[in-house]
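The values are calculated or read from the model by the stated rules, or taken from the named source; none is laboratory data. Predicted model, so just to flag it, every value in this text is computed and none were measured. Note that we place each Cβ from the backbone using ideal geometry, even for glycine, and neighbour counts take in every protein chain shown. Quick note on the areas: whole protein, heavy atoms, side chains included, nothing else; ligands and nucleic acids left out. Shrake-Rupley method; radii C 1.70, N 1.55, O 1.52, S 1.80 Å.
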Amino acid sequence: MIIVLKPKISKKDEAAVLAEIKHLGYQPHVMRGVARTVVGAIGDELTHQSLETLINTFPQSVESVLPIQKRYKLVSREAHPTNSRIQVRQHVIGGKKFHVMAGPCSVESEKQLLTTAVAVAKAGATILRGGAFKPRTSPYEFQGLGLKGLKLLAKARKETGLPVITELLSENHAELVAEYADILQIGARNAQNFQLLIAAAKTGKPVLLKRGLSMKIEEWLLAGEYVLANENPNLMFCERGIRTFETYTRNTLDLSTIPIIKKESHSPIVIDPSQGAGRSDLVMAMCKGAAAMGADALLVEVHPNPAEAWSDGAQQLTLDNFAKLMAELPPFIAAAGRE
Ligand code: PEP
Ligand code: MN
């Protein structure tokens, strides 16, 4: 931490601050400038009280207390300069190859899931998505098929060879969902449910962490830190749009997260334009933009009949539109130096 002292404080007041820094378990290093004195305090905040309270203890002497290190460590690029590569069965996410995860918002029936899985596999998707446990804003909306949905995902994987991603909604289901899924999705509404993140990490399965509805990038990185700090290196960040004043789109898809996550972290970044835009007519353009900007993968909702979908109908692509998207994506993938 850096402690900036107020100008013209007495030697006695300065000594009192330094004594308190030592008392709290840190080593103070005094740097005297022309106008004011700055103190660098070296120590471990995990095992000692935070120095932030110095400003309250010494309001006459301390002007500000600033962290010098980033609060996230294991997710940071400094900790791991090369890109992390996440093995998901036969695929590697975060390597040269660009991936498309596609499938319905919710698993609704065997016919709906299998039809979609076969079609997205044929069009070139590499991973099948589908929610079995759904986080719905209203308790009166479809909550997902639960275990039946997980079993259908396993069946679709067997028939198509596509690994599956599905949401983990509750700590209580961690083992169960991990038994069926190849990637655990942590939804936007749970992005700072730290006990859930720990439970997901402990299954050892790759974790895809959505950005919360109103989450700052630093908070998102710190949520990711929970996964890595619990000995699971297989983390992917997923931008799915944040809440802004705009109502034209369901959310505001923040594509600046692609270069930002690439700069700050080694973990792959996945873009979900379906939740991001909330409108199927915008999904294709957002997918192309994300691919060209260097995202590692897309997460796209696809349904055989979006008009009759049990959730998120307005944003799901038809099978034909998904095939069209996949046919039009390659130049954008190539523009980012990917395959
Ligand atoms: C979803 O992927 O269907 C979903 C509910 O996502 P989010 O948590 O981003 O809203
Ligand atoms: Mn959805």
Using Cα positions and a limit of under 18 Å, work out the aspartates and glutamates in reach of K263, with same-chain residues fewer than 8 apart set aside. E78, E218, E219, E225, E239, D254, D296
If packing is taken as the mean number of other Cβ atoms within 10 Å per residue, what is the order of 138-146, 172-180, highest first? 172-180, 138-146
How much net charge surrounds K205 when only other residues with a Cβ under 13 Å from its Cβ are counted (Lys, Arg +1; Asp, Glu -1)? -3
0 to 90° range, to nearest 10: angle between helix 11-23 axis and the chain longest Cα axis: 50
Could you order the peptides 8-19, 50-61 from most to least packed, using the average number of other C-beta atoms within 10 Å per residue? 50-61, 8-19
If each of E52 and Y248 carries a label point 7 Å out from its Cα toward its Cβ, how far apart are those two points in nm? 3.7
Could you list, bin by bin from short to long, the percent of Cα-Cα pairs of segment 100-196 in 10 Å steps? 18, 51, 27, 4
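Express the accessible area of the chain per residue in Å², computed with a 1.4 Å probe while the remaining protein chains stay in the model.
Numbers: 15520 Å² over 339 residues.
Ligands and nucleic acids excluded, the result is 46 Å² per residue.
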Going by amide H atoms built from the backbone, whose H comes under 5 Å of the H on L235, apart from near neighbours? V207
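Among 70-79, 301-310, how do they line up by average Cβ neighbours within 10 Å per residue, starting with the highest? Display every interim value, and only then the final one.
Details: 70-79: 17.0, 301-310: 19.5.
Averaged packing, sorted descending, gives the order 301-310, 70-79.
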If each residue of separation counts as 0.36 nm, what is the full-extension length gain between K11 and E328 once their alpha-carbon separation is subtracted? 107.2 nm
Any idea what angle helix 217-229 forms with the longest principal axis of the chain, computed on alpha-carbon atoms, 0 to 90 degrees, nearest 10? 80
In terms of modelled amide H atoms, which long-range or inter-chain residues lie less than 5 Å from the amide H of R338? none
Taking the chain as the reference, fit the longest principal axis to its C-alpha atoms, fit the long axis of helix 110-123 to the helix C-alpha atoms, and give the angle between the two in degrees, 0 to 90, nearest 10. 80
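Mind giving me the FRET efficiency for R32 and I198? R0 is 35 Å, r the Cβ-Cβ distance, nearest 0.05 is fine. Mind showing how you got there, number by number?
Values: r = 44 Å, r/R0 = 1.27.
Plugging the Cβ-Cβ distance into 1/(1 + (r/R0)^6) gives 0.20.
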